[in-house]
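To start, the structure under review is shown below, and the notes come after it.
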Amino acid sequence: MTKKEIAAKAARNREIQARMSEIYLKMEKEKREEYNAEEKREMEELQHELEDNRREIMLSKDEAAIAELRENIDRNKQYREYLQGVRQKREDNTVTLAPKSPTDGTSITESGAIVLNIQDILDTKENGLGRPFGQSFITGVEGDELYPYSINDVEMEEVGEIEAINDQALEFTNIKVVSRRVSLSVAVSNKAIDNAAFDLVAFVLYKIDKAWTIYFAKKNYSHANWQGNKGAFSLVTPGTITLDNTIGAQIDEKFADFAELGFDEEGCVVISPKTEARLKHTYEGNGVAAHPIIENGLLAGHPYVSTKHINYTLDGEGKYVKDTDEYIGIGLFQYLPIQQHGLVRQTVDATSAQVAKQNKTIIVFSTEISITELSELVNGNKSGEPQAFALFKVVEPASSNEIGG
């Protein structure tokens with residue numbers, strides 16, 4: 001086979017595995033233990049095609065393609081054997097998902113589990129779940145961390161030639177990062193573990209990726225005032241903003257307020273998909289100079305994120321619900337860093353009575369996460385609210401004529 005044909009076979013194998021995962025996830029979602037007749041027929045056909053493609057790649061003598069194929073198969077095999085070992089032998093079921101000393105046998109490299117790079121897992125392209133422009137994410141932070149602040153400045157004085165000058169004191173404070181345990185549990189049927197054709201690693205990573213992206217979208221963008229990690233929009237008092245053809249100027253004025261306080265970095269605007277749709281058809285300027293508020297991927301010239309979570313909060317019972325109002329958030333997310341502390345641990349439960357009855361294996365991931373708002377104390381601010389973030393309830397214009405060209 002030519003290299004082009006080999007690449008096509010490899011690409012087709014990825015499509016096959018994605019389709020097999022899709023069929024399996026549908027069965028899981030519908031809480032069925034078996035495939036229906038149509039699914040079973042399709043799974044058998046896909047598996048045969050997968051094996052045929054793998055055999056042809058192995059016979060192609062293309063070393064790079066063979067190495068990539070073997071690596072993918074071996075990684076699935078190692079992880080599958082690890083889960084089967086926990087289930088059958090009741091061996092030690094906790095590993096740290098980061099390389100460490102190889103002498104104790106619990107490192108990722110000895111366990112056969114998959115290496116998790118949190119930065120990669122969180123790098124999503126899904127609408128409304130990605131991290132905002134400017135936000136930093138640091139992994140593997142050890143120990144307690146402090147952010148020191150200078151809360152005042154000193155001033156030059158004009159004095160006489162021999163006149164004594166006044167001593168001026170520089171005052172400091174700090175904010176301590178508070179990390180909180182974050183965990184998720186993934187249930188995988190034993191059928192999936194035993195099925196050599198099923199891409200188990202992709203399935204587990206899919207579940208983890210989805211959980212992490214939703215977690216950080218809720219924290220970054222909603223104004224839900226959780227007891228634990230929370231975003232900056234939950235800490236500010238909402239103002240109002242009018243959704244008309246002056247909204248670009250209104251947003252620029254807010255960024256100017258930030259700049260006046262000394263926060264002159266580029267920021268990010270957070271809107272809902274509904275507001276995004278309207279702003280794509282809301283124009284500012286007149287005649288040939290008129291242009292949409294959103295164009296070239298920017299909102300009034302600023303980066304933006306479209307996400308439903310900007311409109312979400314907590315109700316009186318602590319449930320995460322959609323607010324009755326529409327909101328727009330504006331923020332400098334450089335001042336809302338996320339940190340992952342210590343190690344990421346994986347624990348597997350395959351032997352407890354309840355899990356055994358369900359014919360499933362439970363995989364639990366745990367780590368520590370902190371989300372810290374840093375602008376509150378800058379310049380000795382006494383308001384108790386962030387200075388680099390603002391939240392606005394959307395107000396409709398007095399007349400519908402005020403939207404459009």
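Rule-based calculations on the coordinates, nothing more; no lab input. Note that the structure is predicted; figures quoted are calculated from it, not measured. Note that each Cβ is placed from the backbone with ideal geometry, even for glycine, and that neighbours are counted across all protein chains shown.
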TODO: Sticking with the crude label model, points 7 Å out along Cα→Cβ, report the distance from Gln358 to His302 in nm, one decimal please.
DONE: 4.4
Task: Loop-resident sites, segment 307-377, for GluC sites (Glu not before Pro), counting at most 16 other Cβ within 10 Å (DSSP) - done: Glu317
Open item on the list: Highest mean first, how do 11-22, 231-242, 267-278 rank when packing is the count of other Cβ atoms within 10 Å averaged over residues?
Closed with: 267-278, 231-242, 11-22
TODO: Go through 26-32, 51-57 and give me the packing order, highest mean Cβ count within 10 Å leading.
DONE: 51-57, 26-32
Task: Whole-number D in µm²/s for segment 269-398 (Stokes-Einstein; Kirkwood sum over Cα pairs; 25 °C, 0.890 mPa s) - done: 129
TODO: Take the Cβ-Cβ distance between Arg32 and Lys3 as r, set R0 to 35 Å, and report the resulting FRET efficiency rounded to the nearest 0.05.
DONE: 0.25
Task: Range of Cα positions in segment 260-334 per principal axis (Å), largest first - done: 52, 32, 19
Open item on the list: I'm a student and want to see the number: the projected area of the Cα convex hull of segment 205-355, averaged over all directions, in nm².
Closed with: 13.2
- [ ] Can you pull the one-decimal nm distance between simple spin-label points at Glu155 and Ile138, each 7 Å off the Cα toward Cβ?
- [x] 3.5
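Going through the cross-link list Lys9/Lys191; Lys218/Lys274; Lys218/Lys360, which pairs have a Cα-Cα distance over 21 Å in this structure? It would help to have the intermediate numbers written out before the result.
Working: Lys9/Lys191 27 Å; Lys218/Lys274 18 Å; Lys218/Lys360 29 Å.
Over 21 Å apart, Cα to Cα: Lys9/Lys191; Lys218/Lys360.
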- [ ] Multiply the residue gap between Glu39 and Thr242 by 0.36 nm, knock off their C-alpha separation, and tell me the result in nm, one decimal place.
- [x] 67.9 nm
